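Presented below is the structure to which this report refers.
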Amino acid sequence: MTGTRIHFGTDHAGFELKNHLVEHFRSLGFECVDHGAATYDAQDDYPAYCIAAAEAVRHDVGSLGVVIGGSGNGEQLAANRVTGIRAILAWSTQTAQLGRQHNNAQVVAVGARMHTVEEATAIVEAFINEPFSNDARHQRRIDEMTNYEAKREAGLYAGKSSAGAGALFPTDIWDSYRS
């Protein structure tokens, strides 16, 4: 995957880790794009930086993204607000690999306060280096989420039975929980 463009976004909590990762991946031959924060500011907010990195990934086909904060939770949520982006929170090399293998995630969120620099680097490396499996069942699930997202954006919230073509969500299952 050397040569892949990696988009980074973080607030103050991940500032030092982001700088380390950008340097690390550049030394391995990756093109790194830093969407901020450009300077340490203990009062900054992560959404703008994480959304900027995710938007860049959305428009830069084949690129990947790394968003970093204290826990990674909010950063993942912010990245997932970008239409078409699948961001995962990885807390181990295994969850990072599975996010790529099973979900074809384009963005990984990491908590800088949750890991040593070495652990976080290994997690991001595992994510960057792992390809999507192209397994039909995983692609089908991604397609279901993409279909829901498109219908939601079009203002269509009611779905048909999961057995029907173009189902938004399985209403027969939803109905069983309501009774």
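Any read-out appearing in this document is the output of simple, stated calculations on the displayed coordinates, not a laboratory observation. What you see is a predicted model; the values in this text were computed from it and never measured. Because the Cβ atoms are built from the backbone with ideal geometry, glycine has one as well, and the counts that use them run over all protein chains shown.
Restrict the search to the stretch 54-92; then list the trypsin sites (Lys or Arg not before Pro) that DSSP places in a loop and that have at most 15 other Cβ atoms within 10 Å of their Cβ.
In loop regions of the stretch 54-92 (DSSP not H, G, I, E or B), the sparsely surrounded trypsin sites (Lys or Arg not before Pro) are Arg81.
For the stretch 1-118, place one equal point scatterer on every Cα, skip the solvent, and apply the Debye formula. What is log10 of I(q)/I(0) at q = 0.09 Å⁻¹?
So the normalised log intensities work out to -0.19.
What is the chain's relative contact order, in percent, from Cα pairs under 8 angstrom and six or more apart in sequence?
Details: 339 pairs, mean separation 31.6, N = 179.
RCO, the chain: 18 percent.
With 10 angstrom as the radius, rank Phe15, Phe8, Phe132 by how many other C-beta atoms surround their C-beta, starting from the fewest. Before the final figure, lay out the partial values.
Numbers: Phe15 22, Phe8 26, Phe132 16.
The order, fewest Cβ neighbours first, is Phe132, Phe15, Phe8.
Using the Karplus curve 6.51 cos²θ - 1.76 cosθ + 1.60 with θ = phi - 60°, work out ³J(HN,Hα) for each residue of the stretch 55-71 in order, rounded to whole Hz, and write x for Gly and Pro.
4, 4, 4, 4, 8, 10, 3, x, 7, 10, x, 10, 10, 9, x, x, 10
Which net charge results for the neighbourhood of Phe132, defined as the other residues with beta-carbon distances under 15 angstrom from its beta-carbon, given Lys and Arg at +1 and Asp and Glu at -1?
Values: positive: Arg86, Arg100, Arg137, Arg140, Arg141; negative: Glu130, Asp135, Asp143.
Net local charge, Phe132 excluded: +2.
Kindly write out, for the stretch 81-87 in residue order, the coupling ³J(HN,Hα) from the Karplus curve 6.51 cos²θ - 1.76 cosθ + 1.60 (θ = phi - 60°), rounded to whole Hz, with x marking Gly and Pro.
Once θ is set to phi - 60°, the couplings for the stretch 81-87 become 6, 7, 3, x, 8, 10, 10 Hz.
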